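The values are calculated or read from the model by the stated rules, or taken from the named source; none is laboratory data. Remember, predicted model here, so these are calculated numbers, not experimental data. Neighbour counts run over all protein chains shown; Cβ positions are idealised from the backbone, glycine included. Calculation scope for accessible area: heavy atoms of the full protein, side chains included, ligands and nucleic acids excluded. Shrake-Rupley method; radii C 1.70, N 1.55, O 1.52, S 1.80 Å.
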Amino acid sequence: MSDSALDLGFDPDELRQKYRTERDKRIRDDGNQQYQEVEGEFAHYVEDPYVGKEIKREPLTDVVEVAIIGGGFGGLLAGAKLREQGVKDIRMIEKGADFGGTWYWNRYPGAACDIESYVYLPLLEELDYMPKRKFSDGAEILAHSQAIGRHYNLYDNACFQTEVTEMHWDDESSMWTIHTNQGDRMKARFVAMSNGPLNRPKLPGIPGIETYKGHSFHTSRWDYGYTGGDSSGNLTGLEGKRVGVLGTGATAVQCVPHIGAAAKELYVFQRTPSSIDVRNDQPTDQEWVNSLEPGWHQHRMDNFNTLVSGGVTDEDLVNDGWTEIIRNLLLLIKIEKKKNSGLSKTELAEKMELADFQKMQQVRARADTVVNDSETAEALKPYYRQFCKRPCFHDEYLQSFNRSNVTLVDTQGQGVERITEKGVVANGKEYEIDCLVFATGFEVGTEYARRSGFEVYGRDGQSLTERWEDGVETLHGMHSRGFPNCFIMGGGAQTGFTANYPHALNEQAKHLSYIIRHALDGNYRVIEASEEAQAEWVETIVKLAHMGQRFYAECTPGYYNNEGRNEEKNAKNSQYGGNSMRFFELMENWRNTGDLKGLELT
Ligand code: NDP
């Protein structure tokens, strides 16, 4: 071991090699194709278990000014900002029976947000609402979504239980026709598509998955009829039952403690362990609330975002596990900068890697401290850089493995082998179970139309899938030439991405409402990205993508890095690589100039 390795308490070279070995074990040729699409005989996995009464109504053929597809935070924010701009004729279209999006669907026991509530929940000052705790649970977030709907009158004219099936642009009328599963052929001048980046559940493409005879469901369609209890736990229906959970991502981390507390036996099938850091939730401090000045919310969101985007600021208002990682990294670099202002980019990157190693050593040490059985503790240790996968923050997940009824079935990166009539085969052994819970996440790398559940046909009937066959092409991630008056929301590609997702949606909502207001004021019927502006933006995205790509190439596979597949179109399909704060600034400056540069208005 070198001197520096002795000082650090670990050998960086050994660790780097260990990360590579762990990654290589998991790389597979089939990438995103390894998953089973939820259709045909699997379609019941996406049925809505929360819907009360099914809506039966006459098909609509009317015309609205703005149709918003998706009633999650993206759609709600678009609606709110359009209302603030004085737009009256809005229709929200939502597959679920109410607003909420992610939080409508994900009601599994323990569902909660591990981004601080005071920055995660949007429109807090507008609604005069203060979350109850530092980290909100799913029920509170769902209630807040509905409160936004009421506050901005977005329930008026909304269509729930309505799934868009396709959309067609008509040049002559300069309008979109929206087809839905309710038989609608409604028309809209403008459409905002906020379908959610993680909205389509996916199943593992494991041999025999269709043969399982026990009970099963996906975490985003939790079957409380079977398990009993609610999102706060008390799963009395699992008493005496043998349950399997497939997957160990952020969702499994939150529901495993509740299943472990209720089931007779719980088997957690793991392919890759998550990074489980401290959560440290607390009730909201009323004294702090009283001290807040108007404008505090945007200020706090910006502060959090600066820190998690690698920016520098002395103030850390949120002060949690997310900002700690960045704080430590920056501190190290700052010290180095002071000592040696001539630090090269490569040297800086090395320091970053070192600080990351230190952070992950701390996370791995936590597994040893918390988990009694040393073999289980070892299997729960993540060997990759912190942001290769979504970091998790939880104070009961690791502890669950100390229960005598909970078993971790670690598959050494290979996943489970087979599903049989009776259960799951992993490492050559069959585990018989009464209920199998798929905590296997959502489609990410597949085509936009497959993920959103509908195709968009633009000018001359060209589909978005055809248009984007060789990679995404947009201006600002929001407009795509050939698809006029259509606004793409969410963090799909070519836009600013941040860990605090509603922050990015809020910025997009400001942007689209500004453009639509402008179009209405000027009586413009068609807005479209110009050929040159779009090409320029795509070039910017590709140019900035390389740094991120280098980082992700070294990562263990997952949805952050296209399951480890290095495809040519990855660069085009990336987010804006210059960090989200810079992107928001860019958009704000664009609006401030007032000339809608890059858009053609007719
Ligand atoms: P993920 O995609 O993160 O996790 C899916 C899990 O299934 C992974 O552990 C994956 O393993 C595993 N898996 C897939 N195929 C197999 C197989 N064949 N055998 C064994 N295991 C398999 O989905 P989640 O629903 O957990 O989370 C999705 C996202 O939702 C998160 O990343 C986060 O962004 C968000 N979320 C946020 C929360 C919050 O607090 N704000 C809470 C919950 C979710 P592998 O890693 O090896 O691919």
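Write out, first by first residue and then by second, each pair whose Cβ atoms fall under 6 Å of each other, whose residues are 6+ apart or on separate chains, and whose first residue, in the range 104-120, is over 16 Å from Gln282 (Cα atoms) while the second is surrounded by 24 or more Cβ atoms within 10 Å (Cβ to Cβ) and aromatic (Phe, Trp, Tyr).
Filtered contacts from the range 104-120: Arg107/Trp222; Tyr108/Trp222.
Which residue out of Asn561, Asn506 is closer than 28 Å to Phe304 by Cα, crowded, with 18+ Cβ neighbours inside 10 Å and modelled with pLDDT under 95?
Only one candidate passes the filter, namely Asn561.
Being without any contact (Cβ under 8 Å) to a residue 24 or more places away in the chain and open to solvent by 10 Å² or more (accessible area, probe 1.4 Å) narrows it down to one residue among Lys88, Lys134; which is it?
Every option except Lys88 fails the conditions.
Take Leu475 and decide whether it is within 16 Å of the ligand (Cβ to nearest atom) and at negative phi.
The answer is no for Leu475.
Taking the condition of being in a strand (DSSP E or B), within 12 Å of the ligand (Cβ to nearest atom) and either open to solvent by less than 20 Å² (accessible area, probe 1.4 Å) or outside the structural domain of Ile433 (by TED's automatic domain parsing) (or both), how many residues in the range 263-275 meet it?
3
Output the residue which, of all residues in the range 213-232 that are in a strand (DSSP E or B) and more than 16 Å from the ligand (Cβ to nearest atom), is most open to solvent (accessible area, probe 1.4 Å).
Asp230
Taking Phe487 as meeting all but one of (1) in a strand (DSSP E or B); (2) open to solvent by 10 Å² or more (accessible area, probe 1.4 Å), write down the number of the exception.
(2)
Which of the residues belonging to the range 525-560 are within 16 Å of the ligand (Cβ to nearest atom), assigned to a helix (DSSP H, G or I) and touching a Gly at 6+ places or on another chain (Cβ under 9 Å)?
Answer for the range 525-560, where residues must be within 16 Å of the ligand (Cβ to nearest atom), assigned to a helix (DSSP H, G or I) and touching a Gly at 6+ places or on another chain (Cβ under 9 Å): Tyr552, Tyr559.
Please return the ranges of helices (runs of 4 or more DSSP H) entirely within the range 96-138 where 2 or more residues are of a type outside the set (Ser, Thr, Tyr), within 14 Å of the ligand (Cβ to nearest atom) and under 24 Å from Phe438 (Cβ atoms).
102-105
So, in the range 243-262, of the ones that are open to solvent by less than 10 Å² (accessible area, probe 1.4 Å) and closer than 16 Å to Gly228 by Cα, which residue ends up nearest to the ligand (Cβ to nearest atom)?
Cys255
Does the range 395-420 hold any residues that are within 17 Å of Leu203 (Cα to Cα) and either acidic (Asp, Glu) or more than 11 Å from the ligand (Cβ to nearest atom) (or both), and which are they?
Within the range 395-420, Glu417, Thr420 meet the criteria.
Would you mention how many residues in the range 32-77 are assigned to a helix (DSSP H, G or I) and not assigned by TED's automatic domain parsing to the domain that holds Ala509?
10
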